[in-house]
Amino acid sequence: MMVRCIADKLSDEQKILLRIAQGHSTSYQLQIGSDYLVLALTFSLPTEPYGGGAEYQILNGFDVCRSVPACLFNVIDNRASEYWRVRQDEDGSLLLWPEEFFVDFFHDDLSEGRLETVNSFKKVVQKLQREFESG
């Protein structure tokens with residue numbers, strides 16, 4: 001799935017719809033007009049202070065995996081990845097993620113730069129990039 005960024009921060013209306021707490025940062029490191037590969041998709045119920053709704057996991061402009069609200073994008077290639085697996089989280093969220101992302105503490109280990117997880121993440125990104133380049 002490929003998306004094009006149409007905004008780099010949430011509007012006040014979007015904050016209300018997504019139930020994001022007042023004062024919580026809703027600005028993202030995105031480039032308006034740029035295309036992004038969706039690595040994973042999450043549909044979550046609202047929680048304080050983060051809110052809820054549909055979120056994409058993408059690589060931002062600093063090559064960091066970020067979860068960002070789907071409403072900041074337009075879909076330009078609606079094919080779901082063949083590598084996504086569907087699971088329901090304990091909190092009721094619906095997750096469409098590559099199998100590798102379901103490893104316990106995957107995202108924590110990725111943000112901490114654990115080599116094994118970083119290498120696994122890079123392989124996932126390459127696999128998804130190839131899938132959509134051939135498309």
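The values are calculated or read from the model by the stated rules, or taken from the named source; none is laboratory data. Predicted, not measured: the structure shown is a model, and the values here were computed from it. Positions of Cβ are backbone-derived with ideal geometry, glycine not excepted, and every protein chain shown enters the neighbour counts. We work out accessible area using only protein heavy atoms, side chains counted, and drop any ligands, DNA or RNA first. Shrake-Rupley method; radii C 1.70, N 1.55, O 1.52, S 1.80 Å.
Considered as a group, the residues in segment 61-79 that are in contact (Cβ under 8 Å) with a residue 60 or more places away in the chain and assigned to a loop (DSSP other than H, G, I, E, B) include one that is surrounded by the most Cβ atoms within 10 Å (Cβ to Cβ), and that residue is Arg79.
With charged (D, E, K, R) and open to solvent by less than 70 Å² (accessible area, probe 1.4 Å) as the only criterion, which of Glu100, Glu112 stands out? Step through it out loud before you land on a result.
Details: Glu112 fails: open to solvent by less than 70 Å² (accessible area, probe 1.4 Å).
Residue meeting the stated conditions: Glu100.
Looking only at residues of segment 89-105 that are touching a strand residue (DSSP E or B) at 6+ places or on another chain (Cβ under 9 Å) and modelled with pLDDT of 95 or more, we find that the one that is nearest to Lys127 (Cα to Cα) is Pro98.
Taking segment 80-127 as the range and being farther than 20 Å from Ala54 by Cα and in contact (Cβ under 8 Å) with a residue 60 or more places away in the chain as the test, the residues that pass are Val124, Val125. Give me the residue from segment 27-51 that is in a strand (DSSP E or B) and touching a residue at least 60 places away in the same chain (Cβ under 8 Å) and, out of that set, most open to solvent (accessible area, probe 1.4 Å). Looking at residues that are in a strand (DSSP E or B) and touching a residue at least 60 places away in the same chain (Cβ under 8 Å), I get Leu37.
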